[in-house]
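Please read the structure below before turning to the comments.
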Protein chains: 2
Amino acid sequence: MKIILSQQNYIIGDFDFNLSKIKAAIEKAIEAKGELIVFSELCICGYPPRDFLEFHDFISRCNAAINELLPLSQKIGILIGVPEINPKEEGKDLFNAAYLLHEGAIKGKARKTLLPTYDIFDEYRYFEPSYDLSVLEFKGKKLAVTVCEDIWNLHTANKDMPYNPMYRVSPMDELIKQSPDIMINLSASPFDYTHAEDRMAIVKANVKKYQLPMLYCNGVGSQTEVVFDGGSLVFDKNANLIKEGKYFEEDFIEVHLTETGEFTEGILQSERDVPSEELTPPHYDPNLNIDRIYDALVMGIKDYFTKLGFKKATLGASGGVDSALTQALAVAALGKENVHAILMPSQFSSDHSVRDAEQLSINLGNPYDTIAIEPIYDAFMQQLKPHFKDLPFNVAEENIQARSRGNLLMALANKFGYILLNTSNKSELAVGYGTLYGDMAGGISVIGDVYKMQAYRLCEYINEKAGKEIIPQNIIDKAPSAELRPDQKDSDSLPEYMDLDTILYQYIELRKGPKEIMAMGYDEALVSRILKMVNRNEYKRNQFCPIIRVSFKSFGVGRRMPIVGKYLG
Amino acid sequence: MKIILSQQNYIIGDFDFNLSKIKAAIEKAIEAKGELIVFSELCICGYPPRDFLEFHDFISRCNAAINELLPLSQKIGILIGVPEINPKEEGKDLFNAAYLLHEGAIKGKARKTLLPTYDIFDEYRYFEPSYDLSVLEFKGKKLAVTVCEDIWNLHTANKDMPYNPMYRVSPMDELIKQSPDIMINLSASPFDYTHAEDRMAIVKANVKKYQLPMLYCNGVGSQTEVVFDGGSLVFDKNANLIKEGKYFEEDFIEVHLTETGEFTEGILQSERDVPSEELTPPHYDPNLNIDRIYDALVMGIKDYFTKLGFKKATLGASGGVDSALTQALAVAALGKENVHAILMPSQFSSDHSVRDAEQLSINLGNPYDTIAIEPIYDAFMQQLKPHFKDLPFNVAEENIQARSRGNLLMALANKFGYILLNTSNKSELAVGYGTLYGDMAGGISVIGDVYKMQAYRLCEYINEKAGKEIIPQNIIDKAPSAELRPDQKDSDSLPEYMDLDTILYQYIELRKGPKEIMAMGYDEALVSRILKMVNRNEYKRNQFCPIIRVSFKSFGVGRRMPIVGKYLG
């Protein structure tokens, strides 16, 4: 039996777009003499649809789309993810389901049992878990069909992670009793820079436990902040990898399953196929999987613009490492002609900043302009003078500069239909080292899930990849500064970045408390100071734009903290 | 037996503060010869603690606080809400529990079964539901102790609301089998302007079904956006109301339960005690419960400032109804000396706007200042001229004005330690009629859950309450305008507000789709235009500050929409 996995990039709620993609894949599969085509989780409406799921009208449109696919199922079996109205009076309104379409009808349904409700996931908000598990019959074979999290109950991967809870029910333990021939999982499993190994390990663990071949179909593409990296998988029953979908790209994956449950394709070796014990990095390592982070960020920018129907970006080019990195990523995602860099020097800007920022735009080949902010700053100060009286220069004056820049960038964005790219990194977002409505402005945060030391590594990676200096070495080498007052350096206000990042990683990614972090050898005052800064700046992050998520704990929708609260400070 | 309900206002994560409040109430109860004191849900750490629950250190501090209370339980039984570590290997890490402390020990635990995971609630993110239900024994009585949602499975209230799902399990149906003497529920049940009736109805429905007396202890106080309004309840077994806690205030409620299960107190009549069929308003009514909305907003402002340790507010006073209402509410919450109004006229401001704004501050008695933005706007335009070339005046120039005002207000806030109050209303937030980083700036949105027509009613209520013109009648009477270009009126860009509000209410509060709204008699073009505006402006609301929640569906944490998505447009 020839089976196809369709790894595609959908737009949430764009039923016409999704349906035409799905139909195209089905037609291609029919042409290729496929007997069964498998899609990813909730692909009809795109994942995650969030509260659109609470609109009856939205669900009706999902059903209408399924009905449109039924005629095509005369020629091929279609296994497709869709929200299903719960037919019973009790429980939540919906199931997260996979439908088997064949011979012009819905032949079977597999409903998700394990509903991820942690980090970025809110599935129990919408879906009733299903405990009524049956294999689906297709051409004399029994398919054990599960949806994403349903196979993640095993202890293999991430067993120490508090947000990956253990489940009381194991869907595959039930299904295996019905003697299935093959396991098929429909997923929408998001990227983080260690997740491909997790995913490979959990699929493999299922194959080893149940001794069945397994097809795992993931979605791909970025949905606002959440990046789906593809990497669909096929394992034979001996836990050999047979096929691995492309990462960060759509794919159409064909396999041939023999009557005895073997694949006619050969065995693959993937660099993601590593022992599962090594999966969760217990310490911050700014070098880890930088290439994947780069790919995810480029896709994150590209999809954000494409799906919103925008082409052009602008950003403030300060001559620092964060804006340089953001600019280089934007050029890679959107094309050099579509990135308009704006230099906005003030009386506090150093000559090298302006030179470095210009050189970067020259190296990248994107248009750039320079707008001085001093006259604007002076106009603000003139109007504020009677009110500020003779109070000393402080953060208020610094913020006026940052907000004047934000205003200029937004004015250009509004006038020319650009989206403003935010350039804040995760380290500064963590401690609130940024100006709300100033350098924290933007439609999408490109590197808000990238710590400062990772930002440096990414710059080096970009230059290595190009085989030449794209990002001027001086930008990488010089001491970081916000340049909002004379001779300011980040190190005046912040600890060394390697220490800062390391402590932040323990607190944010691993959710360690102050005592546990101190036990690593950091002194109490430093740890306490950093943790308090993180907690006190929730109000700033709460007003921040979506961040392209590359770690397993990003600020934004996956980390939900009280704004008014006093823990640790 | 004398029982006390302690209805208190906690700070999330401030264990010292919460513990000292709890101890004070216990000591008062001991002095009053109480035998049992009941607190609200998760009062040890404050509700909702959100992702702090994922920190082991945070949970340890909760346990330490319980240990500190044990000695006091020598003299009184204490029933108190606390997160409990799940002792089993399987399931989520925590239970949402109520502990019975007595004779210096933890005598029993009741664990929450029904975990609200809808709207603002994320309980399944953290807690394992408990299906192991037992009454707690106390002084020869059997207490059927439940936590908040556990009693909301009945069909009485809100039965048509899609976000109030029906549950498969009924905790009280289990507990009743053990022949309890009394029902006690520990809640953290938030306010919305129709919720007090819902709550009264559900408590009463439980009493009627199980024919037992019931004590219902709610928390009070505002936690960032979520307002808890108190209103704890005591019903006798015949469903007569015996006590009703204060609304929007702390309370210490004493009742005497006789051996035969009667209360020695008399029967009360509450205006919240209405038939449950009338609970969910199917149509927008801007007059409904305006007095409660007023009280909630005042408490929301007050608690936001107090709990963050701030005293003073600033805001932009435009002479329009939204800023006038916000200013009057702020003066009520913080005192007139703590509200600094800033008038920022431009060349497009009308004379009456400035006069009206001045008159308002004079009526309220708060300090105010005037800062002209024209020189700042001119400085921006001077710098942008070479880039804007000769493109016509459009939204870019309008936004420069709004953002210059935002910058001025934030500069004053930064310089003097004010919090900027945002003045946007729900109608304009819905359709994106506001400038990001401009009039959308602020630390807390006071009226972001108040539709425009409700804002008018609130202004009238304030004047009625005062018995004089606090908000100048001209502010209420004149046609609303953003005054960002000559002779601008809201009605140039928006439908009439009563139509707009009505359609928004159907879409936002009731989650009706376009066809259902058109069936009310609105034409397709209007409905489609409004719904598209709502969907296309998710990106703006995503960067908006917390909104004091007064409706059953507010923008913010309770409404989670994709930013990149194409549903309806």
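The values are calculated or read from the model by the stated rules, or taken from the named source; none is laboratory data. Quantities reported herein were computed from a predicted structural model and do not represent experimental measurements. Cβ atoms come from the backbone with ideal geometry, glycine included; neighbour counts cover every protein chain shown.
The table below gives the values:
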{"quantity": "Residue that is nearest to residue A:454 (Cα to Cα) [pool: residues in the range A:290-309 that are out of contact with any strand residue (DSSP E or B) (no Cβ under 9 Å at 6 or more places or on another chain) and either in contact (Cβ under 8 Å) with a residue 24 or more places away in the chain or not assigned by TED's automatic domain parsing to the domain that holds residue A:458 (or both)]", "calculated": "A:290"}
{"quantity": "Which numbered condition residue A:290 fails, given (1) under 18 Å from the mean Cα position of the chain (by Cα); (2) more than 28 Å from residue A:334 (Cα to Cα); (3) not acidic (Asp, Glu)", "calculated": "(2)"}
{"quantity": "Residue A:227 of a type outside the set (D, E, K, R), within 14 Å of chain B (Cβ to nearest Cβ) and assigned to a strand (DSSP E or B)", "calculated": "yes"}
{"quantity": "Exclusive hit being out of contact with any strand residue (DSSP E or B) (no Cβ under 9 Å at 6 or more places or on another chain) and at pLDDT 95 or above, set B:39, B:58, B:15", "calculated": "B:15"}
{"quantity": "Of all residues in the range A:200-215 being in contact with a Lys or Arg (Cβ under 8 Å, 6 or more places away or on another chain) and touching a residue at least 40 places away in the same chain (Cβ under 8 Å), the one that is nearest to residue A:123 (Cα to Cα)", "calculated": "A:200"}
{"quantity": "Unique match (being in contact with a Pro (Cβ under 8 Å, 6 or more places away or on another chain) and closer than 16 Å to residue B:426 by Cα) among B:542, B:537", "calculated": "B:542"}
{"quantity": "Restricting the range A:537-564 to residues that are within 7 Å of another protein chain (Cβ to nearest Cβ) and in a helix (DSSP H, G or I), the residue that is farthest from residue A:293 (Cα to Cα)", "calculated": "A:539"}
{"quantity": "Failed condition for residue A:408, given (1) touching a strand residue (DSSP E or B) at 6+ places or on another chain (Cβ under 9 Å); (2) more than 8 Å from every other protein chain (Cβ to nearest Cβ)", "calculated": "(2)"}
{"quantity": "Failed item, numbered, when residue A:534 is tested on (1) within 13 Å of chain B (Cβ to nearest Cβ); (2) surrounded by fewer than 20 Cβ atoms within 10 Å (Cβ to Cβ); (3) under 28 Å from residue A:226 (Cα atoms); (4) not small (Gly, Ala, Ser)", "calculated": "(2)"}
{"quantity": "Test: residue in the range A:318-327 that is within 14 Å of chain B (Cβ to nearest Cβ), part of a helix (DSSP H, G or I), of a type in the set (Gly, Ala, Ser) and surrounded by 20 or more Cβ atoms within 10 Å (Cβ to Cβ)", "calculated": "no"}
{"quantity": "Pair list, Cβ < 7 Å and 6+ apart or interchain, from the range A:15-32 residues that are within 27 Å of residue A:60 (Cβ to Cβ) and assigned by TED's automatic domain parsing to the domain that holds residue A:72 to residues that are outside any helix (DSSP H, G or I) and of a type in the set (Gly, Ala, Ser)", "calculated": "A:18/A:46; A:25/A:6"}
{"quantity": "Those residues of the range B:297-316 which are away from chain A (no Cβ under 14 Å), over 15 Å from residue B:459 (Cα atoms) and crowded, with 22+ Cβ neighbours inside 10 Å, in sequence order", "calculated": "B:313, B:315"}
{"quantity": "Residue among A:522, A:505, A:567 that is surrounded by 20 or more Cβ atoms within 10 Å (Cβ to Cβ), more than 8 Å from chain B (Cβ to nearest Cβ) and aromatic (Phe, Trp, Tyr)", "calculated": "A:505"}
{"quantity": "Criterion: surrounded by fewer than 19 Cβ atoms within 10 Å (Cβ to Cβ) and more than 26 Å from residue A:83 (Cα to Cα) - qualifying residue of A:204, A:209", "calculated": "A:209"}
{"quantity": "Pairs, first at pLDDT below 90 in the range B:490-502, second polar (S, T, N, Q), C-beta under 7 Å, six or more apart", "calculated": "B:490/B:481"}
{"quantity": "Enumerated strands (runs of 3 or more DSSP E) restricted to the range B:1-101, each holding at least 2 residues that are more than 14 Å from every other protein chain (Cβ to nearest Cβ), surrounded by fewer than 17 Cβ atoms within 10 Å (Cβ to Cβ) and touching a Lys or Arg at 6+ places or on another chain (Cβ under 9 Å)", "calculated": "none"}
{"quantity": "Qualifying residue in the range B:393-406 (condition: in the same structural domain as residue B:447 (by TED's automatic domain parsing), polar (S, T, N, Q) and touching a Leu at 6+ places or on another chain (Cβ under 9 Å))", "calculated": "yes"}
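A quick yes/no check of all residues on (1) more than 28 Å from residue A:550 (Cα to Cα); (2) more than 10 Å from chain B (Cβ to nearest Cβ); (3) in contact (Cβ under 8 Å) with a residue 24 or more places away in the chain:
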position: A:353; (1), (2), (3): yes, yes, yes
position: A:369; (1), (2), (3): yes, no, yes
position: A:398; (1), (2), (3): yes, no, yes
position: A:416; (1), (2), (3): yes, no, yes
position: A:423; (1), (2), (3): no, yes, yes
